Amino acid sequence: MATLGQLVANSLWFAFDALDHQKTGVVPKSQLKVLTQNVGVLLKVDRHVENCIAEYLSSKQLNFEQYLYFLTHEVLAEVDDGSTPYGELKKHHDTLEHTFWLLGRATLLQRHFPVFSEDAVFKLFRIFCLLADRSPARKSLLQVTLNIVEVREVTRHLITNLGREWDIRDFNQLATSISCFTFPVFLTFLEGRYAQDTESPALERGVSEVYKNFVEQVLKLGKVYQRVWWAPLWVKREIELRPWALVAPSHKLKVRSAALAKVVGRAQVYLTPSATVHNIPDEPGARLCRFSLCLESNKLVQLAATDHRNKSEWLRALDAAIHHSRETLPYQAIMSAARKNEHAEEEARETAERIRRDSQADIIENTQAELMAEKVARAQAEAAARQEAAARQEEEKRVLELQTMRLQLETLLEEETQAKRDEEIVRNLQARVLSEEWERREELERLQAEQKKMLEEETKKRQAFELQQEEKDSQLREAEKRLRKLESERLRLDHELRSAREKIIMSERGKELLEARMKVKERTPPVRTYSLRPIRKERGTAPARSSSFNAHAARLFKFRSKNEDTNDNGSGNSNGTVESN
């Protein structure tokens, strides 16, 4: 099951390598954040996926595998759940690879004596990324390389589309000397060997045809006749067959009128695994080379090829397209995996055959060597036989000694066997004790876990109590603060109250003073006395007195009034005047 991340992994590697200026295999998250944001915008992801990269892992930089995993599961998973058919992912695949090409083309276009145009290099880049594999290079760094089988396949298609004859021997002679085909090596190989002395338009057309075959997944391209659904009329159309659809790329139908063009049919017919293709035998009086395509909706599309060869090719291509219509991988990627497996099996067979041939040569050489060795051995055996006869007697003596020694060894073996049995018994007992100790340890660990859980609960309770205590302390401090504020307010109000009382007392005393003066005036007879002092009106207006002076005078006057009252009751003034001190 393929994902969109696996499809764009190779092209993403080139963009990642372009951001890795020091070639250390890692890129800062700040640069990857911008790239992630662009990918999210291209895929029309609603959330800000670039913010997730800061929380991904704890390092400030990521290697390619880490970033690919993040991009696959955090960004590309928004449009691909791993089971989406490639026909629905084709648009996203093209958009992302074009973006990654824009990031890495500055280094990919740098080469001596360029032959291909930038557009042709981009198409070869797409082909390379589709068929290439990632493998570790020096210093545990990744490298994207193309298998020699895929290089041969792409080169064969390019040479065929250029109108040349394909020479497999020449290719093998050149390609086998190259250890690995990276994209610069692949581009240089094509330009240096097969693109020289070729006109630019021919190169552009050849690369475009290869691009259609591998990247655009065009299984078959040609002109066929399609029957109009409402009349026995056949219209010639140019049709492209892809694994997921039957497409009319030009959208221009050669019909007699515009009204007829509208009823011929859709420019794109989608294929599903339930669709079927049927061969229609030729009949007299009917169009030759007919075949029909029955879609999932039971709609029948009747087609006719230009000749029987094209008919066979169309039938075979339609079967392949229907079979791979819901695949999650591109059709050419599946074919590439099959070619690689076939190449690996072929290499394994060649290796086995080479080993077999080498083994046969070794057998012949070994046989000759054995014959010579046999002759030498026979001469040596005759000499040895004579020596053996003399040594046989000594050997018999040694046999007796060995038999005696064998008996001793058997005895020792029995003793050793018994010792091993005893040791096995002891080992079993130790194992039993160890198992009991292990069970006791598990019980202690369980008790420890329970105690730890209880300790955590007590810690949580203590923390909750501390939070309540802090809250109560804050409430107490707030109450004290309000109490101080109320106390200061009370003192201010007490001060104002005292001031108000003093004012009331002063007003009361002034009132009493006025009443006393009124009483004095009422008691004094209206007798005009002549005095040398001028009256108050003649003296002029008296200066204003301060409040403290009037209060003091009022106290004095009140005191004198009491005396005057005493004098009135006793021996008052005969003239009825009031004397002042």
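The values are calculated or read from the model by the stated rules, or taken from the named source; none is laboratory data. Computed from a predicted model, the values in this text were never measured in an experiment. A quick note on method: Cβ atoms are made from the backbone with ideal geometry, for glycine too, and the neighbour counts reach across all protein chains shown. Please note that ligands, DNA and RNA were not included when accessible areas were found on the heavy atoms of the full protein model with its side chains. Shrake-Rupley method; radii C 1.70, N 1.55, O 1.52, S 1.80 Å.
Counting only alpha carbon atoms, the long axis of helix 148-161 and the longest principal axis of the chain meet at about 80°.
Using the average count of surrounding beta-carbon atoms within 10 Å as a protection proxy, the listed peptides 53-60, 446-453 rank, highest first, as 53-60, 446-453.
Under a model in which nothing but the beta-carbon of Lys, Arg (+1) and Asp, Glu (-1) is charged, the stretch 1-106 shows a dipole of about 320 debye around its Cα centre.
Using alpha carbon centroids, what distance separates the stretch 158-232 and the stretch 10-59, in Å? Between the Cα centres of the stretch 158-232 and the stretch 10-59 lies a distance of 34 Å. Helix 200-214 and the longest principal axis of the Cα set of the chain meet at an angle near 80°.
Keeping all protein chains in place and using 1.4 angstrom, which order do V26, V235 fall into by accessible surface area, from largest down?
Ranked list, largest accessible area first: V26, V235.
Computed over protein heavy atoms with a 1.4 Å probe, the carbon and sulfur contribution to the accessible area of the chain reaches 53%.
Can you give me the solvent accessible area of R492 with a 1.4 Å probe, rounded to the nearest 10 Å²? Spelled out: R492, probe radius 1.4 Å, area about 100 Å². Here Cα extents along the principal axes in Å was computed from the coordinates, and among (1) 190, 114, 56; (2) 69, 63, 57; (3) 84, 50, 47 the match is (1). Ligands, DNA and RNA excluded, the heavy atoms of I504 present near 100 Å² of accessible surface to a 1.4 Å solvent probe. How would you classify the stretch 6-141 from its alpha-carbon gyration tensor, with a ≥ b ≥ c the square roots of the eigenvalues: rounded for a/c under 1.5, else prolate if a/b is greater than b/c, otherwise oblate? Cα axes put the stretch 6-141 in the oblate bin. About its Cα centre, the dipole of the stretch 381-523 is roughly 3140 debye, where the only charges are +1 on Lys and Arg Cβ and -1 on Asp and Glu Cβ.
Nearest 10 degrees is fine. How inclined is helix 331-523 to the longest principal axis of the chain, computing both from alpha carbons? Approximately 20 degrees, to the nearest 10. Note on the stretch 288-393: dipole from Cβ charges, positive end direction compared against L329, N341, S292; the farthest Cα belongs to S292. Structure note, pairs K236/K311; K90/K311; K90/K123; K123/K340: Cα-Cα distances above 24 angstrom occur for K90/K311. The largest accessible area among R309, R432, R227 belongs to the first residue in R309, R432, R227, and the rest follow in falling order (1.4 Å probe, all chains).
Take the alpha carbon gyration tensor of the stretch 322-443, find the square roots of its eigenvalues, order them as a ≥ b ≥ c, and report rounded if a/c is under 1.5; if not, report prolate when a/b exceeds b/c, else oblate. Because a/c hits 1.5 or more and a/b fails to exceed b/c, the stretch 322-443 counts as oblate.
Find the accessible area per residue for the stretch 372-525; the probe is 1.4 Å, ligands and nucleic acids are left out, and the unit is Å².
Per residue, the stretch 372-525 has 96 Å² of solvent-accessible surface.
From the Cα gyration tensor of the stretch 62-103, with a ≥ b ≥ c the square roots of its eigenvalues, which class applies: rounded if a/c is under 1.5, or else prolate if a/b is larger than b/c, or else oblate? Oblate is the answer for the stretch 62-103, as a/c is 1.5 or above yet b/c matches or exceeds a/b. Over the stretch 32-184, average the accessible area per residue using a 1.4 Å probe and give it in Å², no decimals. Heavy-atom accessible area per residue stands at 53 Å².
Each Lys and Arg adds +1 at its Cβ and each Asp and Glu adds -1 at its Cβ; summed about the Cα centre, the stretch 31-188 shows a dipole of about 520 debye.
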